[in-house]
Structures are given as structure tokens and as C-alpha cells.
Amino acid sequence: MISKIIQQQIQQNPEQRITFAEFMDLALYHPQQGYYATGRVNIGDQGDFFTSPHLGADFGELLAKKFADLWEVMGRPTPFHLVEMGAGQGLLAVDILRYLQQEYPLFFGALDYRIVEKAEGLRQVQQKLLASYPDLAAKINWQTWADMPENSLVGCCFSNELVDAFPVHLFTIAQRQLQEIYVSWQQGKFQEIIGEISTPRLADYWQLIGMEIQDLPQNLPEGYRSEINLAALDWLTTVAGKLQRGYVVTIDYGYTSNSGSLRQNYYSPSRPQGTLQCYYRHRHHNDPYIHLGEQDITAHINFTALENQGKLLGLERESFTKQGLFLMELGLGDRLVALANLKLEGDRASPQTVIKVMQRRQALHQLIEPSGLGGFGVLIQSKK
């Protein structure tokens, strides 16, 4: 039981506590009992959550068009390393590769597709799915970052809903000071306690995103709590170190730290409990201490932190936009028009065909819905 493992970790600590980041890392990524490691992770319509690839092949196909564009911009390098970081069930890899094989055969031939997947359970799911597509599977290698030399990749490293699941530190404003929230085991249950920050990196983080730490107690109310994702900064450091030339594409839900809209600012006073969410059987709640090993735990990502960290690592921002606009620019609107024309010919189509067309149309609208998937951020950074 992962609960017992976390308890033991706490009891082995001299202060009888661990950071929330340590707690979240164990709950999600423990090699045997973590949510992502056990194979119990359930993604899809009937699962704990679903992602854009579960709405059909269009998301992957439009992404594939973007990668083909990047290959052209880079002068058609061969090989072109396409590194998918956190590949879920492998659906996106199938959609991308199948589309490129059909529509961009020259690019397909130049591809060196790699998957970096930390969770053994998900790796097994991906490999089982790809086994049904031997010609596509032949293009894929599952690797770790340690397998890749520094400064060796020429191409694009991309992720879809990966960074939101990285372990985060929790902080609060207590007695007009920045304090950290720890996890302890008391009276037979996990409890939160407040103490001094565990690492000076949590203080340095505010300078990275252009905020003054001494101003936080004045700008945020007493008891305010939120997250700091140091793991995202470490991840980007690793990716940038492996990339010799090319792009990093990060698709996820999150905010910036310098938005003109107060509500869209990551550390908005109007969001006093932060962004931490848990997903269990397609329902979300905010209690990370239940359903351990059976639920996902996520936090919105701070795109400003990724952008500024990237600059320090030699990554320049190419663009930042919402997923809806990003996909429309790649041709999703044309697909909707084509489906509308099919609907007009519905009197000559079978009822089953009409139903399938309507379902696909609904899925495309979900991909661009501003209050849902369409509101996700798409950050593209480059190294020339």
C-alpha cells in the first residue's frame, strides 16, 4: 500500500514530516505502488480523466502538420528527433506517425521518434498498443534522458499534459511570511503542518518569475496557498541540455505570472487555495490524501516560469497561444467546414454516417472550447 510507504518515509524523517512535493512524487511515481507506475491509471471517457487524443485522431494529425512545418523550417535535417515526453497510452504517437506516414512520407522517413516515459505501467500500455502497428512501432525507441548524450538532439521535444503532473511544493502566507506546507502523519491520518521553506530555491523562484518575495504578504491574503513547480524547471533544464538545435513544445493547462487579467495571473488573490486538483473516476476534488495510488494529482503550470527558465538555458520563446487558436491555425477550421458540408448531404448518407459525422464535429469543438481544452496553453521555445 502506497499509504504505508509514505508513512514510513515520514517516520524516517527526523522532523517527522516530508514536503508535499515528496508526498506527491511517492503517490504518483513510486516504482511499484504509485498511481502512474501500477498500470491502474485509467484515461479515457470512463476513466479518471481524458486528454485531447481521446477525442479522435485530429489532435495528433494537426500536431503532425506542425512538426512537418518545423522540419521544413530547420532545413529538413535527417534524422529529425521527435521526442514525446510522457506519452500516456500511446494514442498520440499512433495518430502522429500514421498521419505522417500517409501525408508526409519524406518526413516520416527522416523521423527518429523517441518516447521518454517515467512510469513503467504506462510504458507497457504504450508498447502493447504499438504492437498492433508494427510499421509505426519500428520508428519508436523508448529511452530515458540518461540514454541521450548532452547536446545530441536535432528536432523537437514535445509534451501534452505532462508538466501538470510533476510534484509541486505547497506554500502559504502565514504571519505575513512565506511558509511551506509539509505533510505529517498524526492521529492515524495525513495532516498538513506549516514550517520554514525547505530549500532556498523556493525563495529564488519569485525572482525568476519577476516578483519580489518581500511583496507577497502585501499582495496575497493571510492563509493564501498555492504551488511552486521546481520539478518543471529541472525538467526543462534536462531537455534544453539534450537539445542541440530545434524546438520544445509544451501543451498544458495553466496561467502566466504576468497576465493583464488578474484572474489569469497564476498567483491571483482570487484563487486563495491554489490550483491543486485530484481526479478520481472522472470526478475532480481537492483532497490529495484519499484514494492514494488510485487518483491523479495535478496543478496548473506557470508558463512564465517555463519561459524565463528557458531563456536562462538558451531557449527563446517562439510563441505562446491557446490550444484553440493553435489548432485553428493548423487547419481545424477547414475540417469543421468539411464536416458541415457532409452534414448538408445527410439525406444521401446513412444514419450511422450522420451520427459519426456529428460525433466528430462535437469532438473538434471540444478541442477548441475556450473554457476547456481550447483554453490550454501552447508554449513553443527554440534553440537555434
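The values are calculated or read from the model by the stated rules, or taken from the named source; none is laboratory data. If you're wondering where the values come from, they're calculated on a predicted model, not measured in any experiment. FYI the Cβ positions are ideal-geometry reconstructions off the backbone, even for glycines, and counts take in every protein chain you see. Surface accessibility is based on the protein's heavy atoms, side chains included, excluding ligands, DNA and RNA. Shrake-Rupley method; radii C 1.70, N 1.55, O 1.52, S 1.80 Å.
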TODO: Only residues that are open to solvent by 30 Å² or more (accessible area, probe 1.4 Å), farther than 23 Å from Ala363 by Cα and not in a loop (DSSP other than H, G, I, E, B): list them for the range 310-330, please.
DONE: Lys311, Leu312, Glu316, Arg317, Glu318, Ser319, Phe320
Open item on the list: Go through (1) in a strand (DSSP E or B); (2) within 24 Å of Pro269 (Cα to Cα); (3) not basic (Lys, Arg) for Tyr247 and report which single condition fails.
Closed with: (2)
Open item on the list: Going residue by residue through the range 104-116, is there one that turns out to be within 22 Å of Tyr247 (Cβ to Cβ), in contact (Cβ under 8 Å) with a residue 12 or more places away in the chain, surrounded by fewer than 18 Cβ atoms within 10 Å (Cβ to Cβ) and aromatic (Phe, Trp, Tyr)?
Closed with: no
Task: Subset tally (residues that are open to solvent by 10 Å² or more (accessible area, probe 1.4 Å) and not in a strand (DSSP E or B)) for the range 137-192 - done: 20
TODO: Report yes if Val94 is open to solvent by less than 20 Å² (accessible area, probe 1.4 Å), at pLDDT 95 or above and not acidic (Asp, Glu), otherwise no.
DONE: yes
